[in-house]
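First the structure, in the form of structure tokens, and then the observations on it.
The values are calculated or read from the model by the stated rules, or taken from the named source; none is laboratory data. Being a predicted model, the structure only gives us computed values, none of them experimental. Note that we place each Cβ from the backbone using ideal geometry, even for glycine, and neighbour counts take in every protein chain shown. Quick note on the areas: whole protein, heavy atoms, side chains included, nothing else; ligands and nucleic acids left out. Shrake-Rupley method; radii C 1.70, N 1.55, O 1.52, S 1.80 Å.
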Amino acid sequence: MKKLLVVLLVLTAVAAGAFAEEVFTSFNKPGDINLYASVGWYVWPEVSVAAEYVIGEFALGPLPFDWGVAVRGGFDIGSGYFGYAAAALATLHTGLAVFPLEFYASIGAAFYGPTVGFPVSFASYGGLTWWFSENIGLLVENGYLGWYFWGVGVEFKL
């Protein structure tokens, strides 16, 4: 009985690995430059732009990842208040091969203002890009650069 259970577990792991290779893919190559632009409305109108440089690739089993560095800027306008932010971020991407969707997340530090307190903050951004051509995709993203952002926009791959 134990041998049968071990054989079934091994076969399940092999089948899952083969299935994952057909489902997941990478949309970036080392050296790619991605440009992001989005507009949104959290409390006030917001705009966010970013440039990313893809440094490398790695895999955890059959799941491929791309990683890189990005700079991101944003501003928020509302009720006479103009907020701005700039961030340096480390990025991580993976995607689905069965549907051209890419998921990305980033973490780093942001400088933002105007502020009464300390103007440096934790920064993070994440989103989903639907690639409708090889170099242009529609994105939905959200993040934190001293305050919360979200937006809908486009991603261009150079």
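Cα atoms only, region 63-150: Rg and Dmax in Å?
Taking only Cα atoms of region 63-150, I get Rg and Dmax of 14.9, 48 Å.
Quick one: 3J(HN,Hα) in Hz for region 88-102, Karplus 6.51/-1.76/1.60 with θ = phi - 60°, rounded, Gly and Pro as x.
10, 9, 9, 10, 9, 10, 8, x, 9, 7, 6, 9, x, 10, 10
So, R0 is 41 Å and r is the distance between the beta-carbons of Leu96 and Val43; what FRET efficiency does that work out to, to 0.05?
With a Förster radius of 41 Å, E is 0.80.
What distance in nm separates the simple spin-label points at Asp32 and Phe118, each placed 7 Å from Cα in the Cβ direction?
Each label point lies 7 Å from its Cα, and together they span 3.6 nm.
Ordering Phe118, Phe149 from largest to smallest accessible area (1.4 angstrom probe), what's the sequence?
The ranking, largest first, comes out as Phe118, Phe149.
For the residue pair Leu138 and Phe111, what label-to-label distance in nm results when each label sits 7 Å from Cα along the Cα-to-beta-carbon direction?
My value for the distance between the label points is 3.7 nm.
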